[in-house]
Amino acid sequence: MSYPVPSALDTMRLLTSLSLRRARRGKLVWLTLAILALPTLAALLALLSGNGGKAFFDKLLDVLLRYLTPFIMALHASATVAEEVQGKTITYLFSRPVARWTLPIGKYLGNLVVNATLLCLAVAVLYLIAMLGEGTDLFRELPALAMAVFSVALAAVHFGALAAAFGAMATGFPFVATLIYVLIVEVGFAFVPGWFKVTAMTVHLRVIAGLYQPEKSMFLSDPELTLPISLAVVLGMSVLWLVIAVGWVGSTEYRTDK
């Protein structure tokens, strides 16, 4: 008796569902919640000491975009392909009549749904706590909250794609490889004055969130960046990282016996 060959879309949906279920039930979710509890605790302390407000929320958002979101997505998404290689299940998966690209994309989407949801909820909670004592500003600054949520969701999209690519390329230590790249490019380059900093997506994400303030100097002034340009750059780089992940896994030289 022959069974119908599942379509690529059906396979991707199945992998997304499995990844979503694993991400929800895994221990990493609790670690993510513990990480996100840190800025929440800082916001509560600021509220109690009377130091909240929009300026303090912007500082917390900056920390989320620069450090916490890249770290959380590296923690989760870098294992999208690597865990199948390390668990010796990738050979079985690739022996099935399904497209290889469904593996990194399906598992990436599952991780993205869970973590983007947690991150966006964290932003909303931070905003509410930081603005509780600001009266009408709580509602006046809602457009800023919308852009903050959008920028954090976009950060999850980008850094999830980046981590998925490194998870396909460096299956031995995917989290370490992703973290090294993030520390050098996304953290290090973001503080370099001049045009070199545009290589860091955290800079463009801060533009989207309305946090970017270019510094002027006689020798190396920071570039003037606009929301449409930064949005196009972040989306383009996200697609590029996913293409790398798919291309790497789909190559005939990709080993499944590691």
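What distance in nm lies between label points placed 7 Å from Cα along the C-beta direction at Phe173 and Phe139?
5.4 nm
Please compute the length gained on full extension between Ala124 and Leu31, using 0.36 nm multiplied by the number of residues separating them and subtracting their Cα-Cα distance.
31.5 nm
Do the alpha carbons of any pairs in Lys107/Lys197; Lys59/Lys216; Lys54/Lys107 sit beyond 26 Å of each other, and which pairs?
Exceeds cut-off: Lys107/Lys197; Lys54/Lys107.
Arrange Ile229, Ile105, Ile72 by Cβ neighbour counts within 10 Å, fewest through most, would you?
Ile229, Ile105, Ile72
Fewest Cβ neighbours within 10 Å first, please rank Leu183, Leu211 accordingly.
Leu183, Leu211
Using a 10 Å cut-off around each Cβ, can you sort Ile244, Ile184, Ile208 from fewest to most neighbouring Cβ atoms?
Placing the least packed residue first, the sequence is Ile184, Ile244, Ile208.
Can you give the FRET efficiency for Ala232 and Leu41, using 1/(1 + (r/R0)^6), R0 = 41 Å, r = Cβ-Cβ distance, to the nearest 0.05?
In this case the efficiency is close to 0.70.
No value in this document is a laboratory result; all are computed from the given coordinates. No experiment lies behind these values; they were computed from the predicted model shown. Note that we place each Cβ from the backbone using ideal geometry, even for glycine, and neighbour counts take in every protein chain shown.
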